[in-house]
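Asker: Dropping a structure here in structure tokens format, bear with me for questions.
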């Protein structure tokens with residue numbers, strides 16, 4: 001009798017492997033998860049399942065299939081893992097409320113769904129492309145790489161050429177032009193304007209020449225014309 005009681009005590013419960021047989025890595029819903037995590041904690045590592053939804057799925061598994069939520073996911077057999085995956089694919093059928101799902105009232109089907117993994121990534125990309133094809137305001141801004149959720153863009157989210165640097169260069173060039181000796185010349189560059197010296201007796205730039213100055217400049221102009229003819 002004593003030997004039979006010892007043998008019964010050492011037997012593992014049916015449906016669960018021994019601790020030594022626990023799997024280190026479990027693949028569920030296209031994601032490799034550490035087998036040491038409990039079911040509630042393990043489900044949170046799947047893209048598309050939040051902490052609240054993970055708790056709801058664990059409670060649904062315990063209620064419908066008798067799988068305790070505190071069980072390490074590596075100690076589950078293949079049948080239990082498949083049952084968890086069925087709940088993840090269609091949580092609404094197992095009592096999970098619709099407000100926890102990430103895709104309610106789908107545009108095409110009108111049903112409440114919860115997408116996970118690559119399905120969520122692909123469907124999100126399709127939604128973004130559809131807004132661009134419709135040329136809605138969100139799609140228009142998304143097409144040109146702008147923010148679409150009402151964020152301020154004065155100091156963040158800038159794209160293209162930086163305005164501040166070009167403005168600084170323009171201000172520096174304007175200061176050089178205003179400096180003494182750096183006068184502007186119409187129809188020429190700044191360097192040419194600096195190199196050209198005013199003629200003797202000529203009036204300074206920006207002022208009208210007096211009759212005496214014009215009379216003094218006439219002989220010099222005549223001599224210059226004769227030199228050019230020669």
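Computed from the coordinates by the stated procedures, all read-outs in this text should not be read as laboratory data. In this text, all values refer to a predicted model and were calculated from it rather than measured experimentally. All Cβ positions, even for glycine, are placed from backbone atoms using ideal geometry, and neighbour counts span all protein chains on display.
Asker: What is the distance, in nm, between label points placed 7 Å from the Cα along the Cα-to-Cβ direction at residue 127 and at residue 151?
Answerer: 1.8
Asker: How do the peptides 84-92, 167-175, 141-149 rank, highest first, by the average count of neighbouring beta carbon atoms within 10 Å per residue? Numbers along the way, then the final one.
Answerer: Details: 84-92: 17.8, 167-175: 9.9, 141-149: 11.9.
Put in order of decreasing packing, that is 84-92, 141-149, 167-175.
Asker: Quick check: pseudo-label points 7 Å beyond the Cα along Cα→Cβ at residue 158 and residue 81, how many nm apart are they?
Answerer: Taking the simple label geometry, residue 158 and residue 81 are separated by 5.2 nm.
Asker: For labels at residue 142 and residue 50 in the simple 7 Å Cα→Cβ model, what's the distance in nm?
Answerer: Going from the residue 142 label point to the residue 50 one covers 2.1 nm.
Asker: Do you know the relative contact order of segment 56-125, to the nearest whole percent, from alpha carbon pairs under 8 angstrom that are 6+ apart?
Answerer: Values: 57 pairs, mean separation 16.6, N = 70.
Reported as a whole number, the value is 24 percent.
Asker: Taking 0.36 nm per intervening residue step and subtracting the Cα-Cα distance, what contour gain separates residue 173 from residue 38 on full extension?
Answerer: Working: separation 135, 0.36 × 135 = 48.60 nm, distance 6.76 nm.
Stretched out fully, the residue 173 to residue 38 stretch lengthens by 41.8 nm.
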